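Step one of this worksheet: look at the structure below.
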Amino acid sequence: MTHDEFAGKVAFVTGAAGGIGRATAIAFAAAGADVAVTDINLDELARTVELIEQHGVRALGTGCDVTNGEQIESALTRTINTFGRLDIAFNNAGVEQPVAPLVDIPEHDWDRLVATNLKSVFLCMKHQIPHLLSTGGGSIVNTSSGAGVIGIRGQSAYTAVKHGVIGMTKSAALDYAAQGIRINAICPGIIETPMMDRFSGGTPEGRARVIAQEPVGRMGRPEEVASAVLWLSSDLGAFTTGHALVIDGGQTVGL
Ligand code: NAI
């Protein structure tokens with residue numbers, strides 16, 4: 001990817017205060033885009049803004065809870081007012097589910113997972129697509145998971161919503177394919193982020209347990225997910241829409 005691949009373009013990223021969202025926001029900046037970043041963690045979001053600006057592009061940080069349609073709408077309005085347009089959206093914010101068999105998942109955890117990981121993607125696309133249509137199109141990438149393509153023991157709620165992201169991505173891609181908007185999903189495997197630290201417990205044993213799921217024998221780096229998002233969002237991916245791209249070191253290939 002050249003340093004000016006996205007020059008003149010504006011990217012909007014949710015869940016950009018750390019992990020995959022931050023790495024992808026920085027990768028867009030390194031490739032020349034102005035980047036609007038959003039999150040509920042304002043301290044770490046401010047750090048992401050600094051890291052973007054180090055690439056000589058413009059950054060805009062906005063507090064935004066992706067479970068709230070009004071906050072998403074106003075973060076997008078602020079983006080348009082600041083940068084004048086929207087070309088790319090990466091709908092990535094999400095939360096993990098504590099490991100538990102279905103019966104032991106509290107109803108409030110189900111509701112939280114649906115709101116943060118699934119309804120959020122619907123709300124983001126609902127408010128982004130009119131802006132993309134107004135400039136003739138663009139690209140949306142939604143974050144699903146390896147849990148979007150296989151079942152995972154102890155992860156019924158997370159798996160349900162991540163499968164849902166892929167279904168919604170495919171249908172929305174069909175809705176807007178003829179109008180110049182490409183909509184794809186990514187399905188990361190075990191990626192070294194604050195979420196994975198919480199999920200594994202961050203101990204050597206916990207890390208070894210999750211790495212054991214990875215045929216390549218290591219966790220993925222957030223930057224290795226970012227490069228896939230950039231490819232999907234660039235002209236290199238111009239004929240790709242409605243696709244769920246697995247980036248997982250072989251985790252979901254077989255047992
Ligand atoms: P992370 O926890 O490191 O980052 C997620 C970000 O989302 C955080 O900055 C958090 O503050 C933000 N966030 C959480 N709830 C929010 C809300 N209601 N509104 C706005 N922002 C909110 O997680 P990571 O690992 O970077 O995950 C990013 C995405 O990738 C998530 O959708 C996750 O489900 C998905 N994913 C992660 C994998 C991994 O191994 N780390 C594997 C597969 C998918």
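Inspect region 41-48 for any residue being away from the ligand (no atom under 16 Å from the Cβ) and either more than 22 Å from I181 (Cβ to Cβ) or not β-branched (V, I, T) (or both) and give the result as yes or no. No, the conditions are met nowhere in region 41-48. Residues that are closer than 17 Å to C124 by Cα, away from the ligand (no atom under 15 Å from the Cβ) and touching a helix residue (DSSP H, G or I) at 6+ places or on another chain (Cβ under 7 Å) occur in region 9-18; there is at least one. Among the aliphatic types (A, V, I, L, M), buried (at least 19 other Cβ atoms within 10 Å of the Cβ) and more than 9 Å from the ligand (Cβ to nearest atom): does that describe A157? Taking the combined requirement at face value, the residue satisfies it.
Residue-by-condition table, conditions (1) in a helix (DSSP H, G or I); (2) within 26 Å of S171 (Cβ to Cβ); (3) more than 12 Å from the ligand (Cβ to nearest atom):
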| position | (1), (2), (3) |
| --- | --- |
| F199 | yes, no, no |
| G202 | no, no, yes |
| A208 | yes, no, yes |
| V216 | no, no, yes |
| E224 | yes, no, no |
| L232 | yes, yes, yes |
| T241 | no, yes, yes |
| G249 | no, no, no |
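Cβ separations smaller than 6 Å between residues 6+ apart or across chains give the following pairs from region 11-22 residues that are under 14 Å from R78 (Cα atoms) and touching a residue at least 12 places away in the same chain (Cβ under 8 Å) to residues that are among the aromatic types (F, W, Y) and surrounded by 24 or more Cβ atoms within 10 Å (Cβ to Cβ): A11/F28; V13/F90.
Taking D4, is it part of a loop (DSSP other than H, G, I, E, B) and modelled with pLDDT under 95? Here the answer is yes, as D4 does meet what is asked. Of the residues contained in region 85-97, none is found to be free of Cβ contacts under 8 Å to residues at least 60 places away in the same chain and not aliphatic (A, V, I, L, M).
If you go through region 201-228 and keep only what is within 21 Å of T159 (Cα to Cα) and under 16 Å from the mean Cα position of the chain (by Cα), you end up with G220, P222, V225.
Restricting region 94-144 to residues that are within 16 Å of the chain's Cα centre (by Cα) and among the hydroxyl-bearing types (S, T, Y) leaves a set whose member that is farthest from T240 (Cα to Cα) is T116.
Of the helices (runs of 4 or more DSSP H) contained entirely in region 67-145, those carrying at least 1 residues that are more than 14 Å from the ligand (Cβ to nearest atom) and among the β-branched types (V, I, T) fall at 69-83, 120-134. Quick check, is L51 away from the ligand (no atom under 13 Å from the Cβ) and more than 22 Å from L133 (Cβ to Cβ)? Yes. The conditions of being basic (K, R), touching a residue at least 40 places away in the same chain (Cβ under 8 Å), more than 15 Å from the ligand (Cβ to nearest atom) and in a helix (DSSP H, G or I) are not met by K162.
The values are calculated or read from the model by the stated rules, or taken from the named source; none is laboratory data. Note that this is a predicted model, so its numbers are computed, not measured. Cβ: placed from backbone, ideal geometry, glycine included. Neighbour counts: every protein chain shown.
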